[in-house]
Every structure is written in C-alpha cells, then in structure tokens.
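Visitor: Here you go, one structure.
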Amino acid sequence: MRPNRRMVAHMAAMLPGVRVNVDPEPGPDRGAFQIGSERYRMDPGITEYVLLARLTAGERHETRPVFLFCGQRAITNQAATRYLARHHERLARKHGSNSFVLLLKVINSQAYGPDVVELVGDVTKSAQTPLPAPAPRKTHRAE
C-alpha cells in the first residue's frame, strides 16, 4: 500500500490520530492502520479495512467537504465509494455538515469484490485526536 502525497497531507492535517504502516518490507503489520490505540491488520482478499471520511477544513460550515477514501488495497477504496453511494442520505441525516470518519471492513473481496462491507464503527474522535509521538529508537553505537 502506498498512499499518494495528497492523501498523506490530508491525513496528517485532518486525521492526526491515524497512522498507516507503509513499510515496504513484508510482515503482518504491512498496510495496517493504527487509529488511536487500535491496530487493524489486513488479510489480503479475506479481511481488509478502509477509512471513509467527510472532512472540512476550519470552522466554516459552508466550506466544501472533502471525501477521503483510504483503503488497504484498491478494492477497498471502491468498496467505500459504493458504501457512501448507498448510505449518503442516512450519513447526511446523522452527521449534517460535520466531519466524520468511519472505519469499514471489506469481507472476502477475493470472492465478492467490493460488495460485502461492514461498518466497524465511527472512529471520528480517535482519528482526530493526535497520537503520541513514537518513542525514539535506541541505537547502540561503538565509541
């Protein structure tokens, strides 16, 4: 998974409580989301996650929102887009012109594609609360 620069900028500015592991090395945390204190790892083709966010910069409610889809794989972005299309009226009633961040789980995309999606939860508060800075790595140097 490799988010583009615009995605990274939006997430750093508006979702300081979210980290995405973009380490190119294979491993269980590759592509994992950290939202607050929770970690969401993917099992490619079986269980994958995507953030669906409606974000506005500043306090003005007339500001045009940005819809952000940040998935662990391309198919999860498509799943979030379909979820928004199916549920936009309910989301508008619930959230009005406020920002929100939802975590969705895409189930068995290898069989069903982007069609089976579960709402894991509204993670707005966790996603907008800055994470503590990572602890500095201890290094051992020969003197």
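The values are calculated or read from the model by the stated rules, or taken from the named source; none is laboratory data. Quick caveat: nothing in here was measured; it's all calculated off a predicted structure. All Cβ positions, glycine included, derive from the backbone under ideal geometry; neighbour counts span all protein chains shown. The area values use the complete protein model at the heavy-atom level, side chains included, leaving out ligands, DNA and RNA. Shrake-Rupley method; radii C 1.70, N 1.55, O 1.52, S 1.80 Å.
Visitor: Leaving ligands and nucleic acids out of the surface, order Tyr40, Tyr112 by accessible area at 1.4 Å, largest first.
Guide: My answer, sorted largest first, is Tyr112, Tyr40.
Visitor: Would you kindly derive the ³J(HN,Hα) couplings of segment 65-75 from the backbone phi angles with the Karplus curve 6.51 cos²θ - 1.76 cosθ + 1.60 (θ = phi - 60°), listing them in order in whole Hz, with x for Gly and Pro?
Guide: Listing the rounded values in order: x, 10, 9, 10, 10, 10, x, 6, 9, 4, 5 Hz.
Visitor: Can you work out the FRET efficiency for the pair Glu25 and Leu84, with r the C-beta to C-beta distance and R0 = 30 Å, to the nearest 0.05?
Guide: The pair Glu25/Leu84 has a calculated efficiency of 0.40.
Visitor: Skipping prolines and chain starts, which residues have an amide H placed within reach, meaning under 5 Å, of the one on Val123, given they are 5 or more residues away or on another chain?
Guide: Under 5 Å from the amide H of Val123: Val101, Leu102, Leu103.
Visitor: So, taking all protein chains as they sit and a 1.4 Å probe, how much accessible area belongs to Val117, in Å² rounded to tens?
Guide: Solvent-accessible area, nearest 10 Å²: 30 Å².
Visitor: Which part of segment 83-108 falls in the paramagnetic zone of Ala13, meaning amide N under 17 Å from the point 7 Å along Cα-to-beta-carbon?
Guide: Only 99-100 fall inside the zone, counting backbone N under 17 Å.
Visitor: State the percentage of accessible surface on segment 17-78 attributable to carbon and sulfur atoms; use a 1.4 Å probe and exclude ligands, DNA and RNA.
Guide: The computed percentage sits at 48.
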